[in-house]
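Worksheet: one structure, shown below.
Where a number appears in this text, it was derived from the coordinates with a stated rule and is not lab data. The structure displayed is predicted, hence computed values, not measured ones. With ideal geometry, Cβ positions are generated from the backbone for all residues, glycine too; neighbour counts draw on all protein chains shown.
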């Protein structure tokens, strides 16, 4: 008996000691943990970084707006949000355009009296065992069905409250959503502020939305930002959630806004909130103010961009008035610094011939492909020179047309017999298709009997395309924008035989399709002496100071050489002479003499491609209309280029009108006028 008492005494002593340890020695630690469990850190949005042009003009800004927000506390009930929504609708006006029938029913059931009444009707005839067998979700769905069947009529005030409730109900625990962030009036802000005690979780704040002070001509390049309602895009949601985003965060969804999302997004503010036993916010302490996103400085001069836009639109309008655009895709242009790859302007208009609608499409410069025609001949000649098929001192070839069996005659635009033979530079000047075909036949060791037979090396397409790739044709240029196309290659074989006729078409740019940015990179490579430069649109990344002024530049884009084309100066001289004579030559068939009076001097190459109109509504048409694509590549000054341009007007019904030359003249003269003004300052 005594032993038992001793054991009981010892156990009691141990229990008392443990209690003392918990309460006296470590009580503060456990109390802190309890307090911590009642505190939560929430994150707040910060303004996105701004976007400026090359001269420091604001292209994309943030327009601040007063906003009414709701922060959802832990374990908040639907009935609590119902009460808050009903109170808040007295102080703010909300457009209920997005209110769904489901949300109306959720709002209706959040009222305790309504819930009881609908519950009774939904479970009528069911015993307790059957009711208890229902999951919460199945039971609630039964209630929703009853509500929706009753076709309840809501007052305008209830519709307002239901819209507010819908937004509150969509919030995640301890997240903040906007109840109203557009056209919030000073009166609404004042009244909400005055009644905040009766509106737990409701606060007055600031929201910012993207604004475009310079207009919308470049919005397709800049891209879009999702709304709070759209939140994270479905195809990137898991990736972004892993990076710390919330589901309803705004993010860049296309082009510059998407490509530079990590730079533009900034870092969210952090606020520690305390929640009382009644689920109301009792205190909030800002732990981190957050940091606005970094700013982008572009390579594009917005003034020059506007002039290129205008030249493109006015010239296309002229083509429309002349009746040659009934099958057209529009018009596109790009200007670059050939020495660095910096994009100086990129513009595009897309035309729908069925609706007669013209829309801005600057991105067509990188994601639309066209058969460009003779403008690619500079790469063909340099390929022939580098392969040894011709040399700088021995490059004269026959200009007799090519006669393939069962195929229309392959010739140049000028009459047969105009030239007996041509050198490479003169062939570029007069845009001889025959010269390019005979050059490729020599490269491919062709065996040819007019009208009867042709056989060419089976790897001829590989040879041609590998050469074009060196200049950027048929491969991605590496531009700092997503969504770039790498071009379209036509088939190389038919019936087990290489398509010799198509290889000849390839030689003068009438087979594979390229983007206009690839054409710009190609002509820049010729202009700068053989360096394929990566094109880029963001010149630098810059901080903002707390007062809103621009801070230090933290990253400067450095020109990047993707590859060097190993032609000799003499080989390059053959093509550059030909390009110069395209503008300044005196032959009757010189193709760009209208640019000869421009200062500084211009060198370049025109292009004309024959193609067919593709009708998406009738893709298998046996007789599609034939069309003409006009293109142009050029650079200036011819002796030390600082500007390279590429232009395309696809699928016109006539090659007359010189629309490519009209745009080229405007782009070159406007650029150097802009530069002269800058130098004058």
Next item on the list: Before anything else, pin down the relative contact order of the stretch 204-279: Cα pairs under 8 Å, at least 6 apart, normalised by residue count, whole percent.
Entry: 29 percent
Item checked: Cα centroid separation, the stretch 417-471 to the stretch 107-156 (Å) -> 80 Å
Check: How much length, in nm to one decimal, is gained on full extension between residue 90 and residue 416, taken as 0.36 nm per residue of separation minus their Cα-Cα distance?
Finding: 108.9 nm
Notebook entry, point to check: Based on the mean of other beta carbon atoms within 10 Å per residue, what is the order of 260-272, 612-624, most packed first?
Noted result: 260-272, 612-624
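Peptides 195-205, 520-530, 552-562, 571-581: what's the order by average Cβ count within 10 Å, highest mean first?
Going from most to least packed, we get 520-530, 571-581, 195-205, 552-562.
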Item checked: P(r) histogram, all alpha-carbon pairs of the stretch 533-681 included - 5 Å bins from 0, percent -> 2, 8, 12, 13, 14, 13, 12, 9, 7, 5, 3, 1, 0, 0
Margin query: Between 0 and 90 degrees, rounded to the nearest ten: what's the tilt of helix 569-584 against the longest Cα principal axis of the chain?
Written below: 90 degrees
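Which value in Å is the Kirkwood Rh of the chain over different Cα pairs? Intermediate results must be reported in sequence, preceding the final value.
Working: mean 1/r = 0.0330 Å⁻¹.
Averaging 1/r across every pair of different Cα atoms and inverting gives 30.3 Å.
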Item checked: Fully extended contour minus Cα-Cα distance, from residue 447 to residue 227, at 0.36 nm per residue -> 72.9 nm
Notebook entry, point to check: Given the C-alpha centroids of the stretch 529-579 and the stretch 632-646, what is the distance between them in whole angstrom?
Noted result: 15 Å
Check: What FRET efficiency comes out for the pair residue 100/residue 124, r = Cβ-Cβ distance, R0 = 30 Å, nearest 0.05?
Finding: 0.65
Next item on the list: Hey, for a label at residue 610 modelled as a point 7 Å past Cα toward Cβ, could you say which residues of the stretch 487-517 have their backbone N under 12 Å away?
Entry: 505, 510
Check: Based on the Cβ-Cβ distance from residue 133 to residue 79, what FRET efficiency comes out when R0 is 35 Å, to the nearest 0.05?
Finding: 0.85
Notebook entry, point to check: Can you give the angle from 0 to 90° between the axis of helix 27-37 and the longest principal axis of the chain, with both taken from C-alpha atoms, to the nearest 10?
Noted result: 50 degrees
Check: Under 15 Å from a point 7 Å along the Cα-to-Cβ line of residue 182: which residues of the stretch 67-91 have their amide N that close?
Finding: 67-68
Margin query: For a distance above 17 Å, tell me the whole-number percent of Cα pairs in the stretch 75-170 that qualify.
Written below: 52 percent
Note to self: Once you keep just the Cα pairs under 8 angstrom separated by 6 or more residues, what percentage relative contact order results for the stretch 75-170?
What the structure shows: 54 percent
Next item on the list: Grab the DSSP H runs of the chain that are 4 residues or longer, score each as -39,500 (n - 2.57), total them, divide by all residues and round the 222 nm result to the nearest 500 deg cm²/dmol.
Entry: -11000 deg cm²/dmol
Item checked: Using alpha-carbon coordinates, inclination of helix 2-20 to the longest axis of the chain, degrees -> 50 degrees
Item checked: Mean separation of Cα contacts under 8 Å (6+ apart) over length of the chain, as relative contact order % -> 14 percent
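Roughly what % antiparallel, to the nearest 5, for the DSSP beta bridges in the chain? Intermediate values should be presented prior to the final figure.
Working: 87 of 90 bridges.
Around 95 percent antiparallel, to the nearest 5.
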Next item on the list: Set the Förster distance to 25 Å, then compute FRET efficiency between residue 617 and residue 359 from the Cβ-Cβ distance, nearest 0.05.
Entry: 0.85
